[in-house]
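Asks: Starting off with a structure, shown below.
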Amino acid sequence: MRPSARALAQSRRASFSMTEMTVASALAALVMILVATTWTTFGKPALEVEARARIEQEGILAVQSLACDLGGFLADLPGRSGNLTAASSNIYQFTGWDVSHPGVLLLNYVGPSTSPVLTVSYQLQGSVLERTDYSTGVITPAARYVSAFTVSTIPGNPSQIQISITIAYSYFGSTFTFIGVSPS
């Protein structure tokens, strides 16, 4: 028994011809090339901008924290604030720093005559720059993604220190360097 002409025509149309497969594959490849080009044009730069913004944000946070402490500001407990003159009983005056330990910055404050010297330190723990207030035991991350932290006095000027913080994220990195001036 032979199939009818109509049955033969239907069975031939149920499959794809080689020409149709070639055209479909070429169109799929073209779409993939367009997607890859779009990603390279728009996606990759967006990730680079995000990485650079994260580095800048962490640098700003670290510098702001250091600037507050170098200005004599201690904000760990209510009623305990600092400024350059110890005029009242709850003022903690900045007295100086200690940079004798590599990679560690120690800031010293003195309060009323009966209170002990308060010390705040900055040091790198892994990839986090930590601020530690030894009087309260509070440890605060000042910046993340930190790969280097150095502190040194400026030669010939012991009333100034140079602080360098290197932050690296993804394939990018940036070094923030600033000069701390003793308020006294």
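Asks: If I stretch the segment between Ala148 and Ser174 completely, what's the gain in nm (0.36 nm per residue apart, minus their alpha carbon distance), one decimal? Present the calculation step by step, with values, prior to reporting the outcome.
Replies: Working: separation 26, 0.36 × 26 = 9.36 nm, distance 1.04 nm.
Net length gain for the segment: 8.3 nm.
Asks: Another one. Between Thr136 and Thr95, what's the calculated FRET efficiency when r is the beta-carbon distance and R0 is 22 Å? Round to 0.05. Please report the intermediate quantities before stating the final value.
Replies: On the way: r = 18 Å, r/R0 = 0.82.
Efficiency, from the Cβ-Cβ distance: 0.75.
Asks: Suppose accessible area is computed on protein heavy atoms with a 1.4 Å probe; arrange Met21, Met32 from highest to lowest. Before the final figure, lay out each step's value.
Replies: Working: Met21 95, Met32 120 Å².
My answer, sorted largest first, is Met32, Met21.
Asks: State, to one decimal in nm, how far the label point of Val181 lies from the label point of Thr38, with both points 7 Å from Cα in the Cβ direction.
Replies: Each label point lies 7 Å from its Cα, and together they span 5.4 nm.
The values are calculated or read from the model by the stated rules, or taken from the named source; none is laboratory data. Worth saying up front: this structure is predicted, and the values here are computed from it rather than measured. Here the Cβ is made from the backbone with ideal geometry for all residues, glycine too, and neighbour counts use every protein chain on show. Side chains included, ligands, DNA and RNA excluded: accessible areas come from the protein's heavy atoms. Shrake-Rupley method; radii C 1.70, N 1.55, O 1.52, S 1.80 Å.
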